[in-house]
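Note sheet for the following structure.
The values are calculated or read from the model by the stated rules, or taken from the named source; none is laboratory data. Just so you know, these numbers come straight off a predicted model, no measurement behind them. Neighbour counts run over all protein chains shown; Cβ positions are idealised from the backbone, glycine included. Ligands, DNA and RNA are stripped out before the accessible areas are found, and what is left, the full protein with its side chains, is counted by its heavy atoms. Shrake-Rupley method; radii C 1.70, N 1.55, O 1.52, S 1.80 Å.
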Amino acid sequence: MTDLSILDLSPFRQGETFAQAVDNTVALAQHAEKLGLSRFWIAEHHNMPYLASSATSLLIQRVLDKTAHIRVGSGGVMLPNHSPFVVAEYYGTLASLYPDRVDLGLGRAPGTDPETARAIRRNHDDFAMSFPNDIKELQFYFGDDADSNQVRAYPAKGLKVPLYILGSSTESAYLAAQMGLPYAFASHFAPRFLTQAVQIYRNHFQPSAVLDTPKVIVGVNAFVADTDTEAEFLASTSLQFFLNIVTGQRSGMKPPVTDIDAHIPPHIVQMADSMMSCRLLGSPKTVAEQLDQLQSQVQADELMAVSYIYDVQKQHDSYEMLADVVKNFK
């Protein structure tokens, strides 16, 4: 059976405050736990006035504190922005307070614009080249090497917090395979290389001390409702959200619309639509068919669902229906 999890960016709905956005994230995590989902990840983003996930580790701590057993983690920490030592201290602290519940997803890109990356003060030109070494450094800090002469990131020592490689390219697939780590592909916004990257990862996977066989997590946009028409209507909020990326607008989640083409040039809509083309959208019956098609291509071990639905209750209902579809999938 395929596992199901949620990725959340703590987005602002139109007119919401920061605190309200965070409260919605906590409520969604509690709902995910009630549904028995595998994990709840929060993504790191900076200089975005419509996302409340900049201080990712603080939101993760908040969610951990308000839930009982679901795994919570980063989807992910963008390592070019941080010292691996400090990351180990933060997530070692979280893992000490909430044992066996913390995941650490790692990305190689800054995840923001160049000016903001400079403001973060750790950006450098060779961040892609340093990524493997940064991961190895983290593995050392979370390991239990007895050498007391080396600097250690307490309380991380010996906690072995699970690490995941995040990526949207074939390069990340080779790295995850070489290091024998789980691989999460960001097909919810960059689906182009999904099939190729997953194949590379599985073909080149080398067993490690933490993983015997490949583990693939696939990001997918998800909108499930009683009918296909309603699901398409709810998904228009997500399409408008992705238009922020294409057009450079800076606005939060907007209410769904039925005539998006009437307000936005078709080629812009098509660009945003292509970014979110890896999706499960429709009634439970339709989504089950789409899931079968997706799994015939990638055989994901886990789906990491993203759902920008404006109405909070309808968002929760969508995830509940999705969970039922995945649970019954054969």
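Among the residues of segment 177-230, those identified as part of a strand (DSSP E or B) and either modelled with pLDDT under 95 or not small (Gly, Ala, Ser) (or both) are Tyr183, Phe185, Val216, Ile217, Val218, Val220, Asn221, Phe223, Val224. Scanning segment 255-291 for residues that are open to solvent by 80 Å² or more (accessible area, probe 1.4 Å) and among the hydroxyl-bearing types (Ser, Thr, Tyr) returns a single hit, Thr258. A single member of Val218, Val246 is open to solvent by less than 70 Å² (accessible area, probe 1.4 Å), hydrophobic (A, V, I, L, M, F, W, C) and in contact (Cβ under 8 Å) with a residue 60 or more places away in the chain, and it is Val218. Scanning segment 28-42 for residues that are under 23 Å from Phe241 (Cα atoms), in contact (Cβ under 8 Å) with a residue 60 or more places away in the chain and buried (at least 23 other Cβ atoms within 10 Å of the Cβ) yields a count of 2.
The number of residues in segment 292-301 that are surrounded by fewer than 20 Cβ atoms within 10 Å (Cβ to Cβ) and not in a helix (DSSP H, G or I) comes to 2. Summed over segment 263-286, the residues that are in a loop (DSSP other than H, G, I, E, B), farther than 17 Å from Asn328 by Cβ and of a type in the set (S, T, N, Q) give a count of 1.
Count of segment 49-64 residues, restricted to those that are open to solvent by 60 Å² or more (accessible area, probe 1.4 Å) and in contact (Cβ under 8 Å) with a residue 12 or more places away in the chain, is 3. Only one of the listed residues (Glu289, Glu320) is in a helix (DSSP H, G or I) and without any contact (Cβ under 8 Å) to a residue 40 or more places away in the chain. That residue is Glu289.
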